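Notes follow once the structure below has been shown.
The values are calculated or read from the model by the stated rules, or taken from the named source; none is laboratory data. Worth saying up front: this structure is predicted, and the values here are computed from it rather than measured. Methodologically, a virtual Cβ is constructed for each residue, glycine included, from the backbone with ideal geometry; neighbour enumeration extends over all protein chains shown.
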Amino acid sequence: MQFKLTLRPVARQTLVPFNYAYRLSAFIYGVLADADKQYAEFLHSQGYQFSPTRRFKLFTFSDLIMPNVKVDVRAGGMWVNSLHIEWIVSFYIDKAAQHFIMGLFQDQRCVIASPRHLAEFIIERVEAVPVEITGETVQLRTLSPVVIAEKDERSIDQYLHPADEQFGPLLITNLLAKYGSIQTAVPAGTAFMDEFDTSSVAYRLLPAQGRNAAQPKSRLVTIKEGSREETRIKGYYNFQFELSGPRELLELAVLAGVGRYNAEGFGAVGVSM
């Protein structure tokens, strides 16, 4: 299910750090742990296994939607200039859990803290966002940067632009692996796709609309900032694409995210209207 959260800043002046996504991920794990420690520990430590080296958490979330934000490079963040902001959170879960998830987030205090910043919000409203996919082709828009990368000869990730010829194939390979991770009827990594033709799965970057339409933008994000595991990741956002395939696979793309690092706030997408 996909949910829209409405957040109210606690303070009159609130500065959100640039690298806030990892803190939001920790907040989600904390909310889940308060309700179901076993499920939260499963997601955090294990996840859904496709192979011994590939596991997926099958949830993701959007960038914070902050109208009229003021960027302050010297302060290392963005000043919130509105009474409310919004946030989209997606889980690949049974629809029966919708009200349970909504109840978990309602009235929670969301804290985004760093050595230099402390931003606090109250979640005032939680709404379920219908994900309606009726055909085998859907147009999607990015809600957070999408990370697609391939290794070079030094085994270093090279992050790809959405127009790169390998972007689509790698996005599809990742999505099929996610689908394989939830197939409990067969051993992980086996021929789980026999039920439909994988050649029908396709990606197409949609052209930007309008004379002055913006092209895909890149963003370099630091996760686990200030720790030994600090990592810098580049993703692309501000674009739309068309995805074709079985409806189950398209739904998975929307609810679990596309590309890599979904549980860290990358690859969230919404259905274009």
1 or more residues at pLDDT 85 or above: qualifying strands (runs of 3 or more DSSP E) within region 9-76: 15-17, 59-61, 70-72
Residue within region 118-134 that is closer than 20 Å to Thr222 by Cβ and surrounded by 12 or more Cβ atoms within 10 Å (Cβ to Cβ) present: yes
So Gly235, is it under 15 Å from Ile172 (Cβ atoms), under 15 Å from the mean Cα position of the chain (by Cα) and crowded, with 19+ Cβ neighbours inside 10 Å: no
In region 201-225, the residues that are surrounded by fewer than 19 Cβ atoms within 10 Å (Cβ to Cβ) and part of a strand (DSSP E or B): Ala202, Arg204, Leu205, Lys217, Ser218, Arg219, Leu220, Thr222
Criterion (loosely packed, with under 14 Cβ neighbours inside 10 Å and within 17 Å of Lys178 (Cβ to Cβ)) met by exactly one of Arg247, Arg228: Arg247
Residues (part of a loop (DSSP other than H, G, I, E, B), over 16 Å from Leu176 (Cβ atoms), touching a residue at least 40 places away in the same chain (Cβ under 8 Å) and not hydroxyl-bearing (Ser, Thr, Tyr)) located in region 250-273: Gly265, Phe266, Ala268
Candidate set: region 3-37, residues that are over 18 Å from the mean Cα position of the chain (by Cα) and among the basic types (Lys, Arg); chosen: the one nearest to Leu143 (Cα to Cα): Arg8
Where a residue in region 216-230 is under 12 Å from Tyr22 (Cα atoms) and among the hydroxyl-bearing types (Ser, Thr, Tyr) and its partner, wherever it lies, is at pLDDT below 85 and in a loop (DSSP other than H, G, I, E, B), with Cβ under 7 Å and at least six apart: Thr222/Glu230
Residue among Ser155, Ser82, Ser144 that alone is of a type in the set (Gly, Ala, Ser), part of a loop (DSSP other than H, G, I, E, B) and under 18 Å from the mean Cα position of the chain (by Cα): Ser144
